[in-house]
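Asks: Here you go, one structure.
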Amino acid sequence: MDLRWLLGKLIPFSCLRVCWVRSSVPGRKWISSFFSSKSLDYHALLLSFLLIFCLNPSQSAELDPEDEASLLAFKSSIQDPNKNLSSWVGSNCSDWAGIACENKTGRVVSIKLTDMNLSGQINSGFCNLSFLEHLVLSQNNFSCSIPSCLGNLIRLRTVDLSRNRFRGVVPETLMKLENLEELILVGNQDLGGPIPSWIGNFSTKLQKLDLGFNSFSGEMPESLLNSTSLKHLDLQNNYLKGNVYDFLQPLVSLNLMSNRFSGTLPCFSACTRSLTVLNLANNSIFGGVPTCIASLRALVQLNLSSNHLTYKMSPRLLFAEQLLVLDLSNNDLYGPLPSMIVETIEKSGLVLLDLSHNRFSGGIPSKITELRSLQALFLSHNLLVGEIPARIGNLTYLQVIDLSYNYLSGSIPLNIVGCFQLLALILNNNNLSGEIQPELDALDSLKILDISNNMISGEVPLTLAGCKSLEIVDFSSNNLSGNLNDAITKWSNLRYLSLARNKFIGNLPSWLFAFEVIQLMDFSSNKFSGPIPDVNFNISSNFNSGDISRPSNEPFAAKKVVNFKVSTVVDVGSELQFNYDLSSAVGIDLSNNLLHGSIPEGLYSLEGLQYLNLSYNSLEGQVPGLEKMQSVRALDLSHNYLSGEIPGNISILEDLTLLDLSYNCFSGLVSEKQGFGRFPGAFAGNPDLCVESSGEGCRSSGIPTVPGKISDGETEGPISVWIFCLSAFISFYFGTVSLLCSARARNYFLHTKA
């Protein structure tokens, strides 16, 4: 029997790991040599020793009394609603949650109290833990200043106070921590002021400094530029300003994004073989992208997005094959897209390429289709022309393609189905033509399909039923036609569907309201006819839930614009994490069609619906009570043939900001008490409707249903009389001229005169 197998069965791996941690390095080598020994007795003896040592461990260290008192003083000064520190009793160190002690002395060497919902003040007695080496209080709710007495804990190697609510400034006493290797204060929004000038040289062992997502201001201290030990520097999301200077030490990662840095890009000459992450996004850096940036041979991620970079991309800007992420979006770069991005394209590991929101022109280089590792390609909002490369399907790992807002022409290449892992295909606002290819059903992982604002024609292929993962579909503003087929019913995860401004015809299908998670449905400006199907309107959770989170209170017209933001993150394993955020009201828009018949009462019972637009149709019947539409903010039923009285309970809809019932056939009295005064013009074009106005009594809506038609009881004013006289004169003039132009009439008049 193999003793290695027996050892694995009898001694759990976790126990073996503890044995290795407790042993010295030579001890671990000794265990390795044990397996190569040929003496079975020696093996058996050692196996027995390990079993006794691991399965019957010695008693844990007794907690030092002074340290115990300091910890209990800390516990008494804070709030612990989840009772995470309830185990802090007795003197056995291993029983105290988050506490580690030195075995021989029982002195506390490590405190790790992460994500325990702790809050309150930190007692000064906490600073009596003189043997403490690691202090981690991250992801809690501490809202005090950083205790200045922490500077007395000179053995500290790690201080992590991240993601709390610490306020004030970094205390000067921390400069006494000469052994500190990591200082992590990220995510304390009220912690700010200037970054201390000593921050880069107080410890010759400092390797990691993270002050991101705080309120630090001023310029970057010069000491950070020549800190010999510093490897990782993160100052993102602060209010820092000034130029970005060259560092004199070999940094591994540098993150200065979302500040107010300016100036031109340095070359980071000291980091050519060490720097793996360079993130200067969302600053005010100007000038071009220097070719010396490509000399950073270890670079894995380069993000220079959202700056003021300009000029053309140099053809000599070729990165090493290690580069995984290149983001130059939201700048003012122009000229042709670089045909080469990496030196050896067949060895490139590039995962994300984002050159969107610039002024690049010309065509899309075919070389891009040779970046076989590419998972996300963003080229939107440029001036690109020509066709989508036919070989785009070679990028079999591609998950996101965004070529929107360009001037691309031609049809969607059939070869694109080779991108079988595609999650988002975004081609809107181009000059694309042709038809939707039936073969697109091969993209069965697709979640977002946006081809809106192009010139695509034909019908929606029935084979698109194969795209069962679709969640956002926008076919609006094209030349699509025909009847709607049942392919759409297979998109069971549909959240947004727009077929607006096309040439669809026929009746609305019975499955129209059968999507469980639909949030917005826009079929406006087509030629749909027939009645609105009276079906079960309770299927959609968004339409029926009054508790859905609401977007900002924008007017109804602005809600015609629906935004979704795609975000991608490349993790440590070079895998792309895809996500998107849909920003839209919950609504139904069937306006500007040829619909007739009555409006189903079920539409008026949708508690989660925020807007309903049925205007410019031929709908008729009465409007029932609307008290169930608790979330409605915009209701447009104008330009139909609706009749009856205005329901008085509309006034109880507190969120309603837009109401348009104009140009219908409503009648009766609209009382001032009903609160419709906040909707001026909402009842225009209803001649039989009497709207009560303050101090004026009941008055007609005043605008004729048909322009130019005088309603009953309206008297002719001076302008009308003047127009009548002018018309009579013109008629008399042209009549006389016509008579004189007739030969028989002239002979008659001449004969009479003779």
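The values are calculated or read from the model by the stated rules, or taken from the named source; none is laboratory data. All values derive from a computational prediction rather than experimental measurement. Here the Cβ positions follow ideal geometry from the backbone for every residue, glycine too, while neighbour counts run over all protein chains shown. Calculation scope for accessible area: heavy atoms of the full protein, side chains included, ligands and nucleic acids excluded. Shrake-Rupley method; radii C 1.70, N 1.55, O 1.52, S 1.80 Å.
Asks: Of the conditions (1) surrounded by fewer than 22 Cβ atoms within 10 Å (Cβ to Cβ); (2) modelled with pLDDT of 95 or more; (3) of a type in the set (A, V, I, L, M), I451 clears all except one; give me its number.
Replies: Of everything listed in (1) surrounded by fewer than 22 Cβ atoms within 10 Å (Cβ to Cβ); (2) modelled with pLDDT of 95 or more; (3) of a type in the set (A, V, I, L, M), I451 misses just condition (1).
Asks: Which is outside any loop (DSSP other than H, G, I, E, B) and either modelled with pLDDT of 80 or more or over 23 Å from S583 (Cα atoms) (or both), of F537, F543, F564?
Replies: Criteria check complete, one pass: F543.
Asks: Being closer than 14 Å to L377 by Cα and either assigned to a helix (DSSP H, G or I) or modelled with pLDDT of 95 or more (or both), is that true of even one residue in segment 463-475?
Replies: Within segment 463-475 (the criterion being closer than 14 Å to L377 by Cα and either assigned to a helix (DSSP H, G or I) or modelled with pLDDT of 95 or more (or both)), the answer is no, since none of the residues qualifies.
Asks: Can you tell me which of L299, L326 is in a strand (DSSP E or B), closer than 19 Å to G349 by Cα and free of Cβ contacts under 8 Å to residues at least 60 places away in the same chain?
Replies: Unique residue meeting the criteria: L326.
Asks: Could you please let me know if N453 is within 20 Å of S525 (Cβ to Cβ) and polar (S, T, N, Q)?
Replies: yes
Asks: What's the total number of residues in segment 587-628 that are under 23 Å from L494 (Cβ atoms) and polar (S, T, N, Q)?
Replies: The number of residues fulfilling the criteria is 6.
Asks: If you don't mind, another one. In a loop (DSSP other than H, G, I, E, B), in contact (Cβ under 8 Å) with a residue 12 or more places away in the chain and surrounded by 21 or more Cβ atoms within 10 Å (Cβ to Cβ), is that true of N429?
Replies: Here the answer is no, as N429 does not meet what is asked.
Asks: Continuing with this model, one more query. Between residues in segment 659-670 that are touching a residue at least 60 places away in the same chain (Cβ under 8 Å) and residues that are in a loop (DSSP other than H, G, I, E, B) and surrounded by fewer than 20 Cβ atoms within 10 Å (Cβ to Cβ), which pairs lie under 9 Å by C-beta distance while being six or more apart or on different chains?
Replies: Qualifying pairs under 9 Å: none.
Asks: Let me ask something else. Please enumerate the residues belonging to segment 610-646 that are within 34 Å of the chain's Cα centre (by Cα) and among the aromatic types (F, W, Y).
Replies: Y611 - this is the single residue of segment 610-646 that is within 34 Å of the chain's Cα centre (by Cα) and among the aromatic types (F, W, Y).
Asks: Let me ask something else about it. Hand me the list of strands (runs of 3 or more DSSP E) wholly inside segment 153-260 holding 2 or more residues that are outside the structural domain of S306 (by the TED database) and surrounded by 17 or more Cβ atoms within 10 Å (Cβ to Cβ).
Replies: Of the strands (runs of 3 or more DSSP E) lying wholly inside segment 153-260, those with at least 2 residues that are outside the structural domain of S306 (by the TED database) and surrounded by 17 or more Cβ atoms within 10 Å (Cβ to Cβ) span 158-160, 182-184, 208-210, 232-234.
Asks: Out of the residues in segment 582-600 that are among the hydrophobic types (A, V, I, L, M, F, W, C) and open to solvent by 10 Å² or more (accessible area, probe 1.4 Å), state the one that is farthest from S525 (Cα to Cα).
Replies: Per the criteria, the residue is L582.
Asks: Among the residues of segment 603-613, how many are in contact (Cβ under 8 Å) with a residue 40 or more places away in the chain and open to solvent by less than 20 Å² (accessible area, probe 1.4 Å)?
Replies: The total comes to 7.
Asks: Which one of the conditions (1) modelled with pLDDT under 90; (2) within 28 Å of K527 (Cα to Cα) does V572 fail to meet, given that it meets all the rest?
Replies: Of everything listed in (1) modelled with pLDDT under 90; (2) within 28 Å of K527 (Cα to Cα), V572 misses just condition (2).
Asks: Those residues that are part of a loop (DSSP other than H, G, I, E, B) and either open to solvent by 40 Å² or more (accessible area, probe 1.4 Å) or touching a Cys at 6+ places or on another chain (Cβ under 8 Å) (or both), I need them from segment 88-105; list them, please.
Replies: V89, G90, S91, E102, N103, K104, T105
Asks: When you scan segment 339-355, do you find a residue that is open to solvent by less than 10 Å² (accessible area, probe 1.4 Å), assigned by the TED database to the domain that holds V400, closer than 25 Å to S284 by Cβ and part of a loop (DSSP other than H, G, I, E, B), even just one?
Replies: Yes, because at least one residue in segment 339-355 is open to solvent by less than 10 Å² (accessible area, probe 1.4 Å), assigned by the TED database to the domain that holds V400, closer than 25 Å to S284 by Cβ and part of a loop (DSSP other than H, G, I, E, B).
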